[in-house]
Amino acid sequence: MPESKSRKKPAYTPPPASSAPKPNPSWWAPTMVTLMILGLVWVVVTYIVQSAGPIPGSARGTSPWASRS
């Protein structure tokens, strides 16, 4: 039986090493800190006013998205 020709694959060449990782944009940290503070304020205000809601009309059952049962 004849032998098949061996297939030669090209040698693996890894992709070039990437340069140093890009730094975050300068607005990233202030935006994240601001959003975290706003979230904390939202939770505190909601806790303080109990069921009234920090935004008028956002209490349970008064918004158009609340289920009415």
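The values are calculated or read from the model by the stated rules, or taken from the named source; none is laboratory data. All figures in this text were calculated on a predicted structure; none of them were measured in a lab.
Some points to look at:
- For region 6-13, the condition holds for no residue, the condition being that it is among the charged types (D, E, K, R), more than 20 Å from the chain's Cα centre (by Cα) and at pLDDT below 70.
- Selection count where residues are among the polar types (S, T, N, Q), assigned to a loop (DSSP other than H, G, I, E, B) and within 17 Å of the chain's Cα centre (by Cα), scope region 14-45: 1
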